[in-house]
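So the structure is just underneath, and the comments pick up after that.
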Amino acid sequence: MPITDETQRFAALSARLTGFDAGDLAATGLVEVYRSVAAERLGADRYERLLREPPDPEDLRSAARDVTYLWYTGSWPGPRPALVSPRAYAEALVWKAAGLTAPAAAPGGYGSWAEGDER
């Protein structure tokens with residue numbers, strides 16, 4: 001998928017909101033997916049305003065929280081958060097921030113749970 005100016009602006013916004021740099025976010029392979037989800041869920045006007053303005057007005061702070069939630073959980077927030085995809089679960093920033101791998105996302109094979117961690 002080609003990197004567009006809009007994708008770059010979304011990555012820059014996401015880096016400011018999450019505290020992860022744009023390279024870390026790009027490594028998830030989800031920048032364009034999350035850009036699309038955010039644009040759809042926020043609506044064109046709010047989404048564009050979020051990309052160009054600091055999130056000061058209350059509606060933009062809420063939008064910024066929603067985008068941050070998306071990056072950290074792989075889900076869009078709401079009464080019933082909607083997981084974007086299994087990959088979004090595995091790449092959620094919450095796991096990276098904690099220095100962990102998402103449970104069941106990278107299984108080590110039969111009986112691997114019984115092997116000790118030899119660090």
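The values are calculated or read from the model by the stated rules, or taken from the named source; none is laboratory data. Since the structure is predicted, the reported quantities are computational estimates derived from the model, not experimental observations. Virtual Cβ from ideal backbone geometry, glycine too; neighbours counted across all protein chains shown.
Looking only at the stretch 31-73, residues that are under 28 Å from Pro103 (Cα atoms) and either among the β-branched types (Val, Ile, Thr) or touching a residue at least 40 places away in the same chain (Cβ under 8 Å) (or both) come to 10 in all. The condition (being surrounded by fewer than 16 Cβ atoms within 10 Å (Cβ to Cβ) and either basic (Lys, Arg) or modelled with pLDDT of 95 or more (or both)) is satisfied by just one residue among Asp45, Asp24: Asp24.
Of the listed requirements (1) part of a helix (DSSP H, G or I); (2) loosely packed, with under 13 Cβ neighbours inside 10 Å, Gly78 misses just one: (1).
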